[in-house]
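The values are calculated or read from the model by the stated rules, or taken from the named source; none is laboratory data. Note that the coordinates shown come from a computational prediction; the quantities given were computed from them, not determined experimentally. Here the Cβ is made from the backbone with ideal geometry for all residues, glycine too, and neighbour counts use every protein chain on show.
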Amino acid sequence: MHLSQLRLRDFRNYARLDAEFGPGFHLFLGRNAQGKTNLLEAIYLLATLRSFRGVTSSQMIRHGQKGYFVGGEAVSVTHREIKLYWSARERKLSLDGQPIRRLSDFVGVFRAVVFCSEDVQLVKGPGSRRRRFLDLLLAQTQPGYLATLQRYAAALRARNALLKQRTTDGAALESFGHELVRSGEELMRSRLSLIPRLAPIVGGAHRKMASTKEELAISYQPAVEGDFGLALKRSEARERALRTTVVGPHRDELQLLIDGQPAAHFASEGQKRTLAIALKMAQADFITACVGSAPVLLIDDIMGELDLHRRSGFMPLLQRTHASQSQVFMTCTEENWPSEMSRELNRWQVEGGGLRRA
Ligand SMILES: Nc1ncnc2c1ncn2[C@@H]1O[C@H](COP(=O)(O)OP(=O)(O)OP(=O)(O)O)[C@@H](O)[C@H]1O
Ligand SMILES: [Mg+2]
């Protein structure tokens, strides 16, 4: 899979960009604040409809403008044209000229995995970060998962709104409770069956990256043990006191242990970073194994963070992606670019919201 074309209008510091890319390795070079990361953000948006920087869409509109446009062509067996327009008043997403009404119809058109320094939050951040990681991976590989997740989120929102009211409508609460349990059980089943398949891949990536011999253990810790419907019933009193839904897969955890200890609390900064990269490498390998084609890799400035050992653990993933006719987009400074790949690199210069071949 690769992105053959990228078009931007009023996106971040780009007034207008029309670029074409072949499969393979693309390096975005440039000084600070020129628009390198903005390019990766736009490409990631085409894959996931979200910014990997955790900002809202309004922040991506070029200052002083009303809306942004990001368009691209994703090439795998077929060519798919993705167009995304966003303004405060209007949102439009289309595929091959047809408007997309259900997001689940969009899933899998273009798959990307991003590596950035924020990834360390996967290890040291709150559980919501790890749930989002699992949810994205399942959405990227399992048809129907995103639709279930959306049903669960809608039921949860509706329930929580009811619980906030002074007098709760018991019948409505029960009806949303049924939907919550139905979709929640599906989410838990999917997460439960993912972990045993994912853990060995994370372990393999981690062994390549870690500098000392460390024992990594990954486990799924569902917030509900046993029957979800029953657990929800039992939590009624707490729910009324706290005015929110207190049990369910929105409280699940992905536990990460290094040498038997929770990584968030006991691992060193370097160990946390290594584990975060291993999780992302596993995301890419898992997608390739599931769907049969490698995702596009977006790598933002992380080469400088890797010492020689970890760098040599990371390079085979890039080489595999390259060999499988997929694509790697990497932002770098002149000092840090991967000279190991020098023969195969496409070099681009990014300057003041413009892009040209270097
Ligand atoms: N909504 C926006 N409208 C206009 N400009 C923006 C907007 N959002 C960010 N910018 C500007 O885009 C510029 C480039 O940002 P970007 O993060 O892509 O830089 P970079 O090339 O990755 O730099 P670094 O090497 O420091 O990471 C910054 O100067 C920033 O102020
Ligand atoms: Mg940057």
By residue number, the members of the range 302-332 that are within 16 Å of ligand 1 (Cβ to nearest atom) and either over 17 Å from the mean Cα position of the chain (by Cα) or over 13 Å from residue 277 (Cβ atoms) (or both) are 303, 304, 305, 329, 330, 331, 332
Among strands (runs of 3 or more DSSP E) entirely within the range 248-358, at least 2 residues that are surrounded by 18 or more Cβ atoms within 10 Å (Cβ to Cβ) and touching a Phe, Trp or Tyr at 6+ places or on another chain (Cβ under 6 Å) occur in 296-300, 327-332, 345-351
Going through (1) under 20 Å from residue 299 (Cα atoms); (2) among the acidic types (Asp, Glu); (3) more than 16 Å from ligand 1 (Cβ to nearest atom) one by one, residue 105 fails only at (1)
Checking 161, 155 in turn, the sole residue that is more than 20 Å from residue 193 (Cα to Cα), surrounded by 17 or more Cβ atoms within 10 Å (Cβ to Cβ) and not aromatic (Phe, Trp, Tyr) turns out to be 155
The strands (runs of 3 or more DSSP E) lying wholly within the range 1-87 that contain at least 1 residues that are more than 21 Å from the chain's Cα centre (by Cα), within 12 Å of ligand 1 (Cβ to nearest atom) and buried (at least 16 other Cβ atoms within 10 Å of the Cβ) are 2-11, 14-20, 24-29, 67-75
Residue 226: passes all of (1) exposed (fewer than 12 other Cβ atoms within 10 Å of the Cβ); (2) in a helix (DSSP H, G or I); (3) not acidic (Asp, Glu) but (2)
Q) Going by the structure shown, is residue 114 at pLDDT 95 or above, touching a Leu at 6+ places or on another chain (Cβ under 6 Å) and surrounded by 18 or more Cβ atoms within 10 Å (Cβ to Cβ)? A) yes
Check whether at least one residue in the range 173-188 is under 18 Å from the mean Cα position of the chain (by Cα) and in a helix (DSSP H, G or I), and report yes or no.
-> yes
Filter the range 20-60 for residues that are in contact (Cβ under 8 Å) with a residue 40 or more places away in the chain and out of contact with any strand residue (DSSP E or B) (no Cβ under 9 Å at 6 or more places or on another chain); the one that is nearest to residue 118 (Cα to Cα) is 53
Of the candidates 8, 17, 45, the one satisfying the condition of being out of contact with any Leu (no Cβ under 6 Å at 6 or more places or on another chain) and of a type in the set (A, V, I, L, M, F, W, C) is 45
Subset of the range 275-307, residues charged (D, E, K, R), within 16 Å of ligand 2 (Cβ to nearest atom) and at pLDDT below 95, comes to 301, 305
Picking from 213, 208, the residue that is exposed (fewer than 14 other Cβ atoms within 10 Å of the Cβ) and not in a strand (DSSP E or B) would be 213
